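A.B. asks: Let me begin by handing over the structure; questions about it come next.
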Amino acid sequence: MKKAQFTEWLFHEGRFNSGFDSFMDAVCLKLNELGIPINRVRISFRTLHPQVMAWSCIWDKETGSRVVDIGKDIIESEDYVGSPIEYIYKHQKPLRQSLVELPADAHSVLCELQAKGLTDYYACPIYFSNGPVNVSTFATDHKNGFSEQCIAFLSQVSVLVTPFIETLATRRLARNLLETYIGARTGRRILEGQIQRGDGEEIKAAIWFSDFRNFTQYTESLSLGELLDTLNMYFEIVHDCVEKNGGEILRFIGDAMLIVFPADN
């Protein structure tokens with residue numbers, strides 16, 4: 001009965017939440033309304049973003065949802081190695097762990113959840129249509145933890161919401177790739193449908209052409225790896241400064257960048 005109620009709500013109401021945070025808020029509130037005692041939910045999925053390995057949408061009963069970028073360096077960190085997330089990615093099967101009495105070698109993620117008063121934890125793999133395994137996790141503070149009926153229902157919910165999560169992930173990826181390669185302003189206009197020949201926009205702006213001084217000398221004195229590391233460091237430093245001051249990188253040109261600072265920022 002609960003599955004039928006949730007499915008009907010998901011296809012008639014829930015799917016119209018167009019952002020990760022609003023969709024997760026709606027789903028988790030609906031689950032609690034149906035009597036599933038969840039306090040924390042996390043859905044993590046890999047991405048093709050050039051600077052981000054994965055995105056995680058984390059819902060907390062007290063604070064709501066937030067989306068977190070997971071950097072590519074997470075793979076070798078203590079936060080990931082030995083964690084339930086790593087377990088799911090490696091073994092592609094569910095993980096259940098009581099948080100009431102944890103083993104001495106329990107991962108810090110589980111210890112942190114226990115410290116917050118949560119009593120039970122369940123994680124399971126979810127699959128996008130193009131194949132990659134992703135992860136959904138659930139935690140509760142119910143004194144008896146999750147019942148077996150709750151675990152079965154949460155497994156079903158993970159499957160039901162996956163197509164909607166994949167759609168939202170694709171939209172977010174498209175937006176981020178456009179922002180990365182052609183800039184936030186131009187990327188936003190493309191997503192809004194301004195793609196016809198002759199479409200344009202007049203703005204007042206300052207133009208900055210940022211060039212790496214003595215780059216030719218570096219190409220002759222550094223190894224390829226050292227050269228790329230130096231170039232990436234330069235791009236990152238300039239990008240951060242530009243972004244903080246309301247600018248936008250329009251184009252990467254070899255070792256240079258064409259940057260615009262709109263006057264209306």
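Bear in mind that the values in this text are calculations on the coordinates, not laboratory data. Small disclaimer: the values here were computed from a predicted structure and weren't measured. A quick note on method: Cβ atoms are made from the backbone with ideal geometry, for glycine too, and the neighbour counts reach across all protein chains shown.
A.B. asks: Among residues other than residue 227 whose Cβ falls under 14 Å from its Cβ, what is the net charge (Lys/Arg +1, Asp/Glu -1)?
C.D. replies: Values: positive: none; negative: 220, 226, 229, 255.
So the environment of residue 227 carries a net charge of -4.
A.B. asks: On to the next question. Before anything else, pin down the relative contact order of the chain: Cα pairs under 8 Å, at least 6 apart, normalised by residue count, whole percent.
C.D. replies: Reported relative contact order: 14 percent.
A.B. asks: Arrange the following residues from fewest to most other Cβ atoms within 10 Å of their Cβ: 79, 120.
C.D. replies: 79, 120
A.B. asks: Lysines within cross-link reach of residue 61: Cα-Cα under 24 Å, excluding same-chain residues under 8 positions apart?
C.D. replies: Those lysines meeting the cut-off are 2, 3, 30, 116, 143.
A.B. asks: Taking Rh as the Kirkwood radius computed over C-alpha pairs, what is the Stokes-Einstein D of the chain at 4 °C in a medium of viscosity 1.567 mPa s, expressed in µm² per second?
C.D. replies: Result for D is 61 µm²/s.
A.B. asks: Which of rounded, prolate, oblate describes the stretch 9-142, given a ≥ b ≥ c as roots of the alpha-carbon gyration tensor eigenvalues and a/c under 1.5 marking rounded, otherwise prolate only if a/b is larger than b/c?
C.D. replies: oblate
A.B. asks: Now a separate question. Note down the Stokes-Einstein diffusion coefficient of the stretch 205-262 in µm²/s, whole number, using a Kirkwood radius over alpha carbon pairs, 25 °C, and 0.890 mPa s.
C.D. replies: 204 µm²/s
A.B. asks: Shifting gears a bit: Taking all pairs of distinct Cα atoms, average 1/r, flip it, and tell me the Kirkwood hydrodynamic radius of the stretch 93-141 in Å to one decimal place. Don't skip to the answer; put the middle values down first.
C.D. replies: On the way: mean 1/r = 0.0854 Å⁻¹.
One over the average 1/r among Cα pairs gives 11.7 Å for the stretch 93-141.
A.B. asks: What order do you get for 11, 138, 146 when you list them from fewest to most C-beta neighbours inside 10 Å? Could the numbers behind the result be given before it?
C.D. replies: Values: 11 11, 138 27, 146 23.
Exposure proxy ranking, most exposed first: 11, 146, 138.
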